[in-house]
Amino acid sequence: MDNLIFELKNVFFSYLERFPALSDVNLNIRPGEKLTVVGANGSGKSTLLHMLDGLIFPGRGTIKAFGADLKEGVFNDENFSKNFRRKVGLIFQNPDVQLFCPTAKEDIIFGPLQLGIEKEEIENRLEELTGVLNLKDLLDRPPHQLSVGEKRKVALASTLIIDPDVLILDEPTAGLDPLTTRHIINLLVQSNDSGKTIIISTHDLRLAEEISDIIYVFSPGKRIVKSGKPEEILSDGQLLRDNNLIHSYSHKHKNTTHIHPHLH
Amino acid sequence: MIKNNFIESSISGGLSFLKESVFSDDYASQKGFLQSLDPRIKTATLLLFVVQVLLTKQIVVLLCLYAVSLLLAFLSKIHLGFFLKRTWVFIPLFSLFIAFPAIFSIFTPGETLATLKIAGLELIVTRQGLSGAALFVTRVITSVSFVVLLSTTTKHFKLLKVLRIFGIPQVFVMTLGMCYRYIFLFVGIIENTYLAIKSRVGTKVHSKRGQRIVASNIASLYQRSYRLNEDVYQAMLSRGYNGEPLVLNNFKAGLRDWLWLLCVLTIFVTLTIA
Ligand SMILES: Nc1ncnc2c1ncn2[C@@H]1O[C@H](COP(=O)(O)OP(=O)(O)OP(=O)(O)O)[C@@H](O)[C@H]1O
Ligand SMILES: [Mg+2]
């Protein structure tokens, strides 16, 4: 039980103390786990992921990361901050937010530079990622000129290059073409095989089914209504319908065990 | 109709000018003379030129310095037309309010060169006034040229780093960096908002309605860009930013950097003594 990466107990959070975004969230994440968070728009998924990345802190309740309490002040400790940022990487839902340098290349190497990773190592990783994500032609272009999908790829690279143990992805495949989506899923599965913890938020039930050991369902009330193995969650049509994850008419096809309800 | 087109073209024209001038890194990534210099030495020497320009009282010397800036632009593969456009843009503003009034006897008494009669008012152009104005304009254009040289041939992150190296307080440098990001996001938002309006109501907006849309958009623009800016800051934190932007190339000054510095120093000293 000691061996938890994240431990959230009765966490509440509201933006500007007015807009509730998380309500009584309890969650344990073990190393090497693949976890997806699903839920309707505005149900608190991004908020949760930002909290896991130590960007916002609970209004009530506690969050522990690697055994240490995550509180406002802890990131003032340079060592802790550096260590945490190296171990945990977040890919934001909106790639515009994540890209702020004059060129894609500078954006990609921003993280490792801040974290003091060796220059040679950075170059090596850059080269490798450029190949994997097919970024060669994008590197010298300003990010604001790229298409949404290209931006997403660059944003992905800018976090992957840090090579964190815990990879948090906020709707990583939204807006990507099927082939790129495939590449990214494979990449995630691969890095999970090599021991990384993966935390994803998504509306894509197929992605959730394929990739997760455990799925958490957020309700419009910003709380976790159910968690469990993919088979268990995805066969619960009522639950999925209640949380805007499938249309009601998709029920017409009486699928039995293996369902892709949202595809119809 | 015509009015709308005019507004449309000036919005997109203004935006692309802003983008080109603030974000374009095209010239900074060219392989020219100034680009090849160590950013620290480049900054120091170009600023030295600016100081020199401000100290010089002879127009001939100023013209020579201006020629130097043009030569540097040429050597740094900066398109002459682009360079002139970027630098002369400031001139009308300055000359209208400062230089132009100064040529008349009311502000600068002296030898009469010409007399103008406008609406019964007699205006006397003086030699001292004219040469003072010419000096002023040359001085402005020359110093602006050196600053533009610096900003177009240096990547913005590097410039921020140089400022830190020169002992400018971090708060200052950080604020500058944030301004940059802020403008960046701002431009994007304006562009998208504009497109969104266009897609919803078409280009031929009725002017009353158009005004209302623009007004309410400007209000929300501020809020949205503030929110985005905050989000961007989080994204920077998430990747380990702690207030000090780091850039890849650690600056290394080579022989030609030192030679160039020596050269500029010599000019500076000679001109100052003379
Ligand atoms: N900066 C903010 N200020 C105020 N309220 C916010 C802010 N960010 C999010 N919220 C609110 O918090 C709630 C949860 O938002 P969150 O972004 O976590 O949802 P989400 O599940 O990620 O949604 P989506 O699927 O649309 O990405 C929403 O009700 C939203 O309106
Ligand atoms: Mg979200």
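The values are calculated or read from the model by the stated rules, or taken from the named source; none is laboratory data. Quantities reported herein were computed from a predicted structural model and do not represent experimental measurements. Neighbour counts run over all protein chains shown; Cβ positions are idealised from the backbone, glycine included. Only protein heavy atoms, including side chains, enter the accessible area calculation; ligands, DNA and RNA are left aside. Shrake-Rupley method; radii C 1.70, N 1.55, O 1.52, S 1.80 Å.
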Checklist outcome for this item: Dividing the mean separation of Cα pairs under 8 Å (6+ apart) by the residue count of chain A yields a relative contact order in percent of 25
Item to check | Value in Å of the Kirkwood radius, where the stretch A:6-263 supplies the Cα pairs that are averaged | outcome: 19.1
Checklist outcome for this item: The summed charge of the A:Leu169 Cβ neighbourhood (under 13 Å; Lys/Arg +1, Asp/Glu -1) stands at +1
Checklist entry - Mind checking which aspartates and glutamates have their C-alpha under 18 Å from A:Lys119, skipping anything on the same chain fewer than 8 residues away? => result A:Glu106, A:Asp107, A:Glu127, A:Glu128, A:Asp163, B:Glu244
Next on the checklist: Placing +1 on the Cβ of each Lys and Arg and -1 on the Cβ of each Asp and Glu in the stretch A:6-263, which of A:Gly67, A:His247, A:Val166 has its Cα farthest towards the positive end of the resulting dipole?
Outcome noted: A:His247
Next on the checklist: Using a 10 Å cut-off around each Cβ of peptide A:100-107, what is the average number of partner chain Cβ atoms that fall inside?
Outcome noted: 6
Checklist entry - When the accessible area of chain A is computed with all protein chains present and a 1.4 Å probe, what percentage of it is carbon and sulfur? => result 47
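Take the residue pairs B:Lys57/B:Lys155; A:Lys136/B:Lys31; A:Lys136/B:Lys158; A:Lys82/B:Lys155; A:Lys82/A:Lys153; A:Lys136/B:Lys155 and return only those whose Cα atoms are more than 30 Å apart.
Violating the 30 Å limit, Cα to Cα: B:Lys57/B:Lys155.
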Next on the checklist: Buried accessible area between B and A (1.4 Å probe, both chains summed, ligands and nucleic acids excluded), in Å² to the nearest 100?
Outcome noted: 2500
Checklist entry - Comparing the chain by itself with all protein chains present, which residues of the stretch A:127-147 are at least 10 Å² less accessible (probe 1.4 Å)? => result A:His144
Checklist entry - Within the stretch B:117-173, which chymotrypsin sites (Phe, Trp or Tyr not before Pro) sit in a loop by DSSP and count at most 14 neighbouring Cβ atoms inside 10 Å? => result B:Phe166
Checklist outcome for this item: Taking the stretch A:163-224, the equivalent ellipsoid from its C-alpha gyration tensor has semi-axes in Å, biggest first, of 20, 16, 10
Item to check | Residues with amide H under 5 Å from that of A:Ile91, placed H, sequence gap 5 or more | outcome: A:Ile168, A:Leu169, A:Asp170
Next on the checklist: Counting only other chains, and only Cβ atoms inside 10 Å, what mean value do you get across the residues of A:85-92?
Outcome noted: 3
